[in-house]
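To keep things clear, I will list the structure first and then write my remarks on it.
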Amino acid sequence: MTGTGMRVAAAAGVTVLAWASAFVAIRAVGPAFGPGALALGRLAVGGAALTLAVLASRSWVRPTVREWLLMVVCGVSWFAVYNVALNAAEERLDAGTAAMLVNVGPILIALSAGVVLREGFPRPLLAGAGIGFAGAVLIGFATSGDGPAGAGGPVGALLCLLAAATWTIGVLAQKPVLRRLPAVQVTQVACVVGAVATLPWTGDLVDALGTASGPEIAGMVYLGLVPTALAFGTWAYALSRIDAGQLGVTTYLVPTLVVLMAWPVLGELPPPLALLGGVLALTGVALSRYRGRPARESRVAAGGVPGSGGDRSPR
C-alpha cells in the first residue's frame, strides 16, 4: 500500500470509529435535548472547531457559485436533516438497529455514484456491497428484539431511511467540490450551513442546557468535536482521493462497532448472530476494496507487452 493509500485507510478508520460512537452517544444523551436541539448543539460545536481549523490552516480557496450551491445542499441534507432524523429515530430504535438501517446509505451511494458521478459498477464493489449489507441485516435482526422500538418502530425505521437518503445526497453533492477545494474547508462550510438550518431549535437547546447534567452536555460536545468535526473532516479527506461508492462501503463496519460499543455503555450484549453479521460486514468491506492486479502486472505475468491500461489511480 502506498503512503497515500495508508493515509486514506487511516482517515476512513477514524471516520468509522467516530461515527459508530455517535450512535451510542446519541442514545445516551438524546433524551436530555431532543432531536432538533441536539443536532443544533452538535453542529454549533463542530462548526466552531472546524472554523478554527480553517483559520489555522490558512488554506481557504474561493468557491465558485456552483461549489457554494453544492456545499449548501450538502450542509442542509447531510448535516441538518440527517442529524435531526437520526436523533429522532434513536428515540424509537436501539443503536444497533438504527445503525443497520442507516447503513443502506452505502448501497444508495454506490448505485447513485455509478450513475451521477460516473464511477461505474465494478463487480467486486457490488459483491462486497451485497455481502456487507447481508451482514448489516443480520446485526439488525440480532439486536432489534432487545431494543425499545415498540409501536414507534416503523416511524423510527422510516426516519433511518430518510437519514440514509440525505446521507447519499450529501455525498453526491460533496464529491465534485472536493476535486478543487480543501477537505477541511468543504466540511466547515457544510457544517456551518447545517447549524444555520437547525437554528429554529435554538429555544429548545437553551432550555435543555439549563436542565441537562454535566455528562450529558459533555456528550453533546463530544458529538460536535469527534463524530462531526473530526470524522466528517477525515471522511472528506478520504472521499477526495477514492471513489464515493468504494468509501461508502467501509461504513458497513459501523453496525458491528456500534454493537460492541453499546455492550459496556448501554448494557446491550451482542448475540452470536450479531457477531456473524460483523464477520460478513468485514468480508464485504475487504471484497469491495479488491481491485485485482494492475493491467501492467497482469500483462507482464501473461508474457505480454506492458501497456498503458490499468486501474484508476486514487483522486
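The values are calculated or read from the model by the stated rules, or taken from the named source; none is laboratory data. Everything numeric in this text was worked out from a predicted model, so none of it was measured. Because the Cβ atoms are built from the backbone with ideal geometry, glycine has one as well, and the counts that use them run over all protein chains shown. Surface accessibility is based on the protein's heavy atoms, side chains included, excluding ligands, DNA and RNA. Shrake-Rupley method; radii C 1.70, N 1.55, O 1.52, S 1.80 Å.
The criterion of at least 2 residues that are open to solvent by 10 Å² or more (accessible area, probe 1.4 Å) and modelled with pLDDT under 95 is met by the following helices (runs of 4 or more DSSP H) wholly inside region 61-123: 95-102, 105-116. For region 182-212, residues that are more than 17 Å from A229 (Cβ to Cβ) and either outside any helix (DSSP H, G or I) or at pLDDT below 95 (or both) total 1. Total residues in region 126-181 satisfying the condition of being assigned to a loop (DSSP other than H, G, I, E, B), open to solvent by 20 Å² or more (accessible area, probe 1.4 Å) and either under 24 Å from L247 (Cβ atoms) or modelled with pLDDT of 85 or more (or both): the figure is 2.
Within region 1-60, being more than 27 Å from Q246 (Cβ to Cβ) and among the aromatic types (F, W, Y) holds for F33, W60. With respect to the stated conditions, G41 fails to be open to solvent by 20 Å² or more (accessible area, probe 1.4 Å) and under 18 Å from A229 (Cβ atoms).
Against the definition (open to solvent by 20 Å² or more (accessible area, probe 1.4 Å), on the phi < 0 side of the Ramachandran plot, of a type in the set (K, R) and modelled with pLDDT of 75 or more), how does R58 come out, yes or no? In short, no.
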